[in-house]
Amino acid sequence: PTADHQPAPRFGVDSGVFRDRTESLMPDGNAGTPLQIDGLSCVRGDRVLFSGLVFGVDDGELLRVEGRNGSGKTTLLRALAGLLLPESGEIRWQGESIRKLREEYSRHLLYLGHLNGIKGDLTAVENLRIAAVLDGFELSEQRAWEVLGEIGLRGHEDLPSKHLSQGQKRRVALARLLANAARLWILDEPFTALDVAAVELLQDVIRRHIEHGGMAVVTTHQEVAMLGEQTRTVTLGRDHA
């Protein structure tokens, strides 16, 4: 990867103290809503999950997607991440269809799904560095150790991931949030398997991302204190036409 793909300075947690990033994710001169969803419909088998969905996500905003089980929350997030095609409607980034933008859109995106996506035979450091390559940038071994320490895995960085607890494996996956400079985070149940301290840490990570002009779309079954006025909600399982 070229220097253009190096991640911007991030913030992290060290002994409970945040270190601010040195630059904001807010683009200069950007008027309008970066992520726009227009008339989106998704179908599973012969069942319509949702239809006519219309909303947008602005810089410095978190969108919480809620709904009963089976209402299509994960399907919606996968569609927003470009991992599946909707039945109808359009997803636009900066006014352009993400189907046309493809890799250009993915450069601004970080998607975390239900599964941690880590290899059990690899250490936490190795998993994080491989994830960085897949995300399109190079992460030094030293920075990988730093990030894993910040996310609460100090002392476990060089253990094969198969020996970690479920909560520790989840932290390895979530470490991508500290290593990656993506503007748009799409997070499907990110608080799963985390203890109280890790939930509070992750809330702070998301909050600081939003404060620095980032964007996030999140699903969660847990009652967590999110971002107050910066949080909006889309509820699936009702008519959005």
At a probe radius of 1.4 Å, what is the per-residue accessible area of ASP38, in Å² to the nearest 10? 80 Å²
With a ≥ b ≥ c taken as the square roots of the eigenvalues of the C-alpha gyration tensor of the stretch 46-146, please select rounded if a/c is under 1.5 and otherwise prolate if a/b is larger than b/c or oblate if it is not? prolate
Give me the percent of accessible area attributable to carbon and sulfur for the stretch 55-186, probe 1.4 angstrom. 48 percent
Label-point separation, ALA197 to GLU141 (7 Å along Cα→Cβ), nm: 2.8 nm
For a label point 7 Å from the Cα of GLU66 along Cα→C-beta, name the residues of the stretch 175-200 whose backbone N is under 18 Å from it. 187-192
Taking 0.36 nm per intervening residue step and subtracting the Cα-Cα distance, what contour gain separates HIS114 from GLN94 on full extension? 4.5 nm
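Using 0.36 nm per residue, how much length does the chain from ASP204 to ARG154 gain when fully extended, once their Cα-Cα distance is taken away? If you can, show how the numbers build up before the last one.
On the way: separation 50, 0.36 × 50 = 18.00 nm, distance 1.87 nm.
Computed gain between ASP204 and ARG154 is 16.1 nm.
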Mind checking which lysines have their C-alpha under 18 Å from LYS169, skipping anything on the same chain fewer than 8 residues away? LYS119
Inter-probe distance in nm under a simple model that places probes 7 Å from Cα toward Cβ, at ARG102 and ARG44: 2.9 nm
Could you compute how much accessible surface GLU138 exposes when probed at 1.4 Å, giving the result in Å² to the nearest 10? 100 Å²
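The values are calculated or read from the model by the stated rules, or taken from the named source; none is laboratory data. As the structure is a computational prediction, the values presented were derived from the model and not from experiment. Reconstructed Cβ throughout: ideal geometry from the backbone, glycine too, with neighbour counts over all protein chains shown. To get the accessible areas, we keep the full protein, side chains included, count just its heavy atoms, and leave off ligands, DNA and RNA. Shrake-Rupley method; radii C 1.70, N 1.55, O 1.52, S 1.80 Å.
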